[in-house]
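Student: I'd like to ask some things about the structure below.
The values are calculated or read from the model by the stated rules, or taken from the named source; none is laboratory data. As the structure is a prediction and not an experimental result, all values here were calculated from the model. Here Cβ is always computed from backbone atoms with ideal geometry, including for glycine, and neighbour counts include all displayed protein chains.
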Amino acid sequence: MFAKLLNDERIRENKVCKSTMSKLISDSQVKLNASLHTNDKNFGARTDGAGTALHLSMALIKLKESGLCQSILDYGTGKGFLVKQLQQELPTDILVRGYDPAILEYKDKPQSPSDIVTCLDVLEHIEMNSIDYVLRDIRALTARICYLVIDLQPAVKKLADGRNAHILLAPPDWWVSRVSQVFPCITAFPVMHRSGLPQKLVIAACLKPKTIPYMYRFVHHLGAHSIIQAGGNLETVVNYNNNNK
């Protein structure tokens, strides 16, 4: 009976996702993001999530050995470099997919969930009135574990309309609260900048308590907890501190 309820909930969420596609991102934001992708070859071109996904292939293979990874989706994949890298590095029986509404090659969203969903430096680009729809969309596409990396600081890049590219900046507890409304099991920690301030927030989430040990193992293999980042707008804090020693 409980399994049927879970399945019914999954079907309902998939229907919600399809019916609310227009609420995931506005047409104007799609155009702004597409323009930034076209005009900046480095935008959406990372394969390592600024270090937070440096060991992603190895971590996924470990999950596969535990029987938990037959597919992965990179949600908001940008130019798709991570997808292409994973397709080269992972066993061929792991299905690797990407989704990004601003990129023609990846604009079609998968209609079935993936065991693992990554969403790296994406959510800070989402419009405030769409964020809950996007998080529910990510949940509906996640069969086992979701790995979110969210930037907490203003971007260096600007949109064509003059706004900062990170249009949704919020403190860690706001993000944790939002994600915990759609995923029953989560863990979160900051990725620090060398200025001493938090640069990013990592959130790992899963759907079932029995998956939690594997989720923690996955996060441990990724090694994001040991990263100290540099560069970006927080370098002004470093420079200020150095000039005032």
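Student: When you look at residue 179, is it crowded, with 20+ Cβ neighbours inside 10 Å, assigned to a helix (DSSP H, G or I), in contact (Cβ under 8 Å) with a residue 60 or more places away in the chain and not hydroxyl-bearing (Ser, Thr, Tyr), yes or no?
Tutor: Values: crowded, with 20+ Cβ neighbours inside 10 Å: yes; assigned to a helix (DSSP H, G or I): yes; in contact (Cβ under 8 Å) with a residue 60 or more places away in the chain: no; not hydroxyl-bearing (Ser, Thr, Tyr): yes.
Against the criterion (crowded, with 20+ Cβ neighbours inside 10 Å, assigned to a helix (DSSP H, G or I), in contact (Cβ under 8 Å) with a residue 60 or more places away in the chain and not hydroxyl-bearing (Ser, Thr, Tyr)), residue 179 does not qualify.
Student: Only residues in region 25-40 that are in contact (Cβ under 8 Å) with a residue 24 or more places away in the chain count as the first member; pair them with residues that are surrounded by fewer than 17 Cβ atoms within 10 Å (Cβ to Cβ), Cβ under 7 angstrom, at least 6 apart or cross-chain, and list the lot.
Tutor: Hits for this filter: 25/127; 26/127; 29/127; 32/160; 32/161; 35/160; 36/157; 40/157.
Student: OK, next. Listed residues 211, 236; which is β-branched (Val, Ile, Thr) and loosely packed, with under 15 Cβ neighbours inside 10 Å? Quick ask: steps written out before the conclusion?
Tutor: Numbers: 211 fails: loosely packed, with under 15 Cβ neighbours inside 10 Å.
On inspection, the qualifying residue turns out to be 236.
Student: Of all residues in region 199-245, count the ones that are among the aromatic types (Phe, Trp, Tyr) and more than 28 Å from residue 186 (Cα to Cα).
Tutor: We begin by selecting, within region 199-245, every residue among the aromatic types (Phe, Trp, Tyr); these are 214, 216, 218, 240.
Filter once more, keeping what is more than 28 Å from residue 186 (Cα to Cα): 240.
Summing the residues that are among the aromatic types (Phe, Trp, Tyr) and more than 28 Å from residue 186 (Cα to Cα) in region 199-245 gives 1.
Student: Moving to a separate point now. I'd like the full set of residues that are free of Cβ contacts under 8 Å to residues at least 60 places away in the same chain, out of contact with any helix residue (DSSP H, G or I) (no Cβ under 6 Å at 6 or more places or on another chain) and either under 13 Å from residue 204 (Cβ atoms) or not in a loop (DSSP other than H, G, I, E, B) (or both), limited to region 136-165.
Tutor: Taking region 136-165 and keeping what is free of Cβ contacts under 8 Å to residues at least 60 places away in the same chain, we get 148, 150-152, 158, 162-164.
Adding the requirement that they be out of contact with any helix residue (DSSP H, G or I) (no Cβ under 6 Å at 6 or more places or on another chain) leaves 148, 152, 158, 162-164.
If the condition is that a residue be free of Cβ contacts under 8 Å to residues at least 60 places away in the same chain, out of contact with any helix residue (DSSP H, G or I) (no Cβ under 6 Å at 6 or more places or on another chain) and either under 13 Å from residue 204 (Cβ atoms) or not in a loop (DSSP other than H, G, I, E, B) (or both), then 148, 158, 164 are the ones that fit.
Student: Then there's this: Output the number of the condition that residue 202 fails; it satisfies all remaining conditions of (1) farther than 27 Å from residue 127 by Cβ; (2) of a type outside the set (Lys, Arg); (3) touching a helix residue (DSSP H, G or I) at 6+ places or on another chain (Cβ under 6 Å).
Tutor: (1)
Student: Also, I was wondering about something else. What number of residues in region 113-127 are under 13 Å from residue 170 (Cα atoms) and either modelled with pLDDT under 95 or outside any helix (DSSP H, G or I) (or both)? If you could, list the steps in order and put the result at the bottom.
Tutor: Step one: list which residues in region 113-127 are under 13 Å from residue 170 (Cα atoms), which gives 123-127.
Imposing the further condition that a residue be either modelled with pLDDT under 95 or outside any helix (DSSP H, G or I) (or both) reduces the set to 126-127.
Residues meeting the conditions: 2.
Student: Moving on to the next point. Of all residues in region 20-52 being polar (S, T, N, Q) and part of a helix (DSSP H, G or I), which is surrounded by the most Cβ atoms within 10 Å (Cβ to Cβ)? Outline the logic, then answer.
Tutor: First, pick out the residues of region 20-52 that are polar (S, T, N, Q): 20, 22, 26, 28-29, 33, 35, 38-39, 42, 47, 52.
Adding the requirement that they be part of a helix (DSSP H, G or I) leaves 22, 28-29, 33, 35, 38-39.
Values: 22: 10, 28: 10, 29: 19, 33: 23, 35: 15, 38: 10, 39: 10.
That would be 33.
Student: Surrounded by fewer than 21 Cβ atoms within 10 Å (Cβ to Cβ), in a loop (DSSP other than H, G, I, E, B), within 15 Å of the chain's Cα centre (by Cα) and touching a residue at least 12 places away in the same chain (Cβ under 8 Å): does that describe residue 101? If you could, list the steps in order and put the result at the bottom.
Tutor: Details: surrounded by fewer than 21 Cβ atoms within 10 Å (Cβ to Cβ): yes; in a loop (DSSP other than H, G, I, E, B): yes; within 15 Å of the chain's Cα centre (by Cα): yes; touching a residue at least 12 places away in the same chain (Cβ under 8 Å): yes.
Yes: the conditions hold for residue 101.
Student: Also, quick follow-up: Which of the following residues is free of Cβ contacts under 8 Å to residues at least 24 places away in the same chain and in contact with a Ser or Thr (Cβ under 7 Å, 6 or more places away or on another chain): 117, 83? I'd like the intermediate steps shown before the answer.
Tutor: Working: 117 fails: free of Cβ contacts under 8 Å to residues at least 24 places away in the same chain.
Exactly one of 117, 83 is free of Cβ contacts under 8 Å to residues at least 24 places away in the same chain and in contact with a Ser or Thr (Cβ under 7 Å, 6 or more places away or on another chain), namely 83.
Student: Being touching a Pro at 6+ places or on another chain (Cβ under 9 Å) and modelled with pLDDT of 95 or more is the filter here, so list the residues in region 204-245 that pass it.
Tutor: If the condition is that a residue be touching a Pro at 6+ places or on another chain (Cβ under 9 Å) and modelled with pLDDT of 95 or more, then 205, 206, 207, 208, 209 are the ones that fit.
Student: Inspect all residues belonging to region 207-220 and state whether any of them is touching a Cys at 6+ places or on another chain (Cβ under 8 Å), outside any helix (DSSP H, G or I) and within 20 Å of residue 135 (Cβ to Cβ).
Tutor: yes
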